[in-house]
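Accompanying notes for the structure given below.
The values are calculated or read from the model by the stated rules, or taken from the named source; none is laboratory data. It should be emphasised that the depicted structure is a prediction, and the values quoted were computed from it without experimental measurement. Note: ideal-geometry Cβ built from the backbone for every residue, glycine included; neighbour counts use all protein chains shown. Protein only, heavy atoms only, side chains kept; ligands, DNA and RNA dropped before computing areas. Shrake-Rupley method; radii C 1.70, N 1.55, O 1.52, S 1.80 Å.
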Amino acid sequence: MADKFAFSMWVYNDIREFTPDEMKIWRDCGMNIPLAPKTYIGRDDPSVLLPWLDRAREYGIRLIANYEGISYSDYKKLGREGYIAKVRPLIDALSSHPALYGFYVGDEPSCREDLEASADVIGIHKQLAPHLTPFLNYTGSMTGFSDADRGGRTLDEWMKYVKERTGTEMICFDVYDQQINDGGGKTMFFDAVKKMVDAGKACETDVWGCLISTGGHVYREPTEVDMKWQIHMAAALGLRGVLWFKFYDRDFANDGYGSPIDEFGNPTQAFYGIYRTQRRFMNHYGEFIMKMKHKKTYSVKLDRGVFPIFKPGDHDLIKEINADDETIVSFFDGDDGYEYMCVCNSEYRHYGSVKYTIDPSKCALYNVRGNGKDVGVLCDDVNPEGATVLESVMHAAGFQMIRIVRK
């Protein structure tokens, strides 16, 4: 499993538009496993990516090679042997580079034939380069496919099937409902993420969420709070990485606007939102949360029918949780032997209070930041250490990791 929460993004630009110097802006805003710009089989020799991989190694990041011509769609045209003959020179030339994460192998397989082809392609890549991770992005509607679409398998069974066939360590899927201009989008987001995280648990595979950093269609242009909300909810619900759609606006695209970098190469408000929220998260939780195993998520205050409302008796030490705003609470087991409670304010607009009722003779709560280096007792002047009711005051989309220490 990875040792850091993954931050990545789609880059649709041709590699000829940039030099490897472009990666400095990626690194500075917190990307650690980005997609490389597009390269093309038949036009670009594999060596074109070597300067990019060398620079990535200097920056301490890894790249997903983004070659057109090696997706599951190409596999369907070429057949197994033809596909292997096409992809092997790339793998032979690049797979030994320590900064290569894996190769992009396709986006949004949406029918049984495409799903099977995508599994075949992942298996080929794992066979030819077992140490790499092929990158496939499933469609968000994957959670609503019929079992027949997945070859007679439930979602959990499909993910187990892919894991057993290929040995892949990571899956990714897109989910944009959270940026729809009404409250129902949150419900759809929670439902899709829960189903995919559960499927990942069923096959012991990390799950990334492809989230949205661009306005367009029915999706509002994201603000810094939107970025923060998406990162914090992704981590709290058990995802292990975020892939942003998308990083650069295109010259002529009526379906998107307000990406982190506009079509003139200028940073937008979305860039600074990603810059601040990713770096803050990585500074305080990006390594720490990867040492934890997600157990269960609850809702507080508002029941959307996805996660159960937390009630007395759901936890042996946390007797009650009350909140001013809709709040998400997840429990994790840490590899340090402690249990953790991750608390997120699901409100976009204003901060609120979350109160926890405990028996101070049986446990204490500690706020943990700095990737585990900054630990303080959860208390204040109103609720001193040893109080029965302790309180967190959280900004809109705020995130807190609380250690539960049994006495």
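Can you tell me which residue among G184, G167 is open to solvent by less than 40 Å² (accessible area, probe 1.4 Å) and over 19 Å from W208 (Cα atoms)?
Numbers: G167 fails: over 19 Å from W208 (Cα atoms).
That would be G184, the only listed residue that is open to solvent by less than 40 Å² (accessible area, probe 1.4 Å) and over 19 Å from W208 (Cα atoms).
Pairs please, first residue from segment 55-72 and modelled with pLDDT of 95 or more, second anywhere and of a type in the set (D, E), Cβ atoms under 8 Å, 6+ apart in sequence or on different chains.
R55/D21; Y67/D44; S71/D107; Y72/D114; Y72/D120
State whether one or more residues within segment 115-130 are among the basic types (K, R), closer than 25 Å to F7 by Cα and without any contact (Cβ under 8 Å) to a residue 60 or more places away in the chain. Steps first, answer last, please.
Of all residues in segment 115-130, those among the basic types (K, R) come to 126.
Keeping just the survivors that are closer than 25 Å to F7 by Cα gives 126.
From the residues that got through so far, the ones that are without any contact (Cβ under 8 Å) to a residue 60 or more places away in the chain too are 126.
Among the residues of segment 115-130, at least one is among the basic types (K, R), closer than 25 Å to F7 by Cα and without any contact (Cβ under 8 Å) to a residue 60 or more places away in the chain, which makes the answer yes.
Of the residues that sit in segment 17-40 and are in contact with a strand residue (DSSP E or B) (Cβ under 6 Å, 6 or more places away or on another chain) and β-branched (V, I, T), which one is surrounded by the fewest Cβ atoms within 10 Å (Cβ to Cβ)?
T39
Picking from A6, A56, which residue would you name as being more than 27 Å from R150 (Cβ to Cβ), surrounded by 22 or more Cβ atoms within 10 Å (Cβ to Cβ) and small (G, A, S)? Full working, then the answer.
Details: A6 fails: more than 27 Å from R150 (Cβ to Cβ).
Of the residues listed, the single one that is more than 27 Å from R150 (Cβ to Cβ), surrounded by 22 or more Cβ atoms within 10 Å (Cβ to Cβ) and small (G, A, S) is A56.
Anything in segment 235-280 that is of a type in the set (G, A, S), surrounded by fewer than 19 Cβ atoms within 10 Å (Cβ to Cβ) and under 17 Å from M31 (Cα atoms)? List them, or say none.
Answer for segment 235-280, where residues must be of a type in the set (G, A, S), surrounded by fewer than 19 Cβ atoms within 10 Å (Cβ to Cβ) and under 17 Å from M31 (Cα atoms): there is none.
Quick one: is S73 open to solvent by 60 Å² or more (accessible area, probe 1.4 Å), polar (S, T, N, Q) and more than 20 Å from E164 (Cα to Cα)?
no
Out of the residues in segment 120-143 meeting the condition of being within 30 Å of G185 (Cα to Cα) and touching a Leu at 6+ places or on another chain (Cβ under 9 Å), tell me which one is surrounded by the most Cβ atoms within 10 Å (Cβ to Cβ).
The qualifying residue surrounded by the most Cβ atoms within 10 Å (Cβ to Cβ) is Y138.
Looking at (1) of a type outside the set (V, I, T); (2) modelled with pLDDT under 95; (3) within 27 Å of Q230 (Cβ to Cβ), find the lone condition where H284 falls short.
Failing condition for H284: (2).
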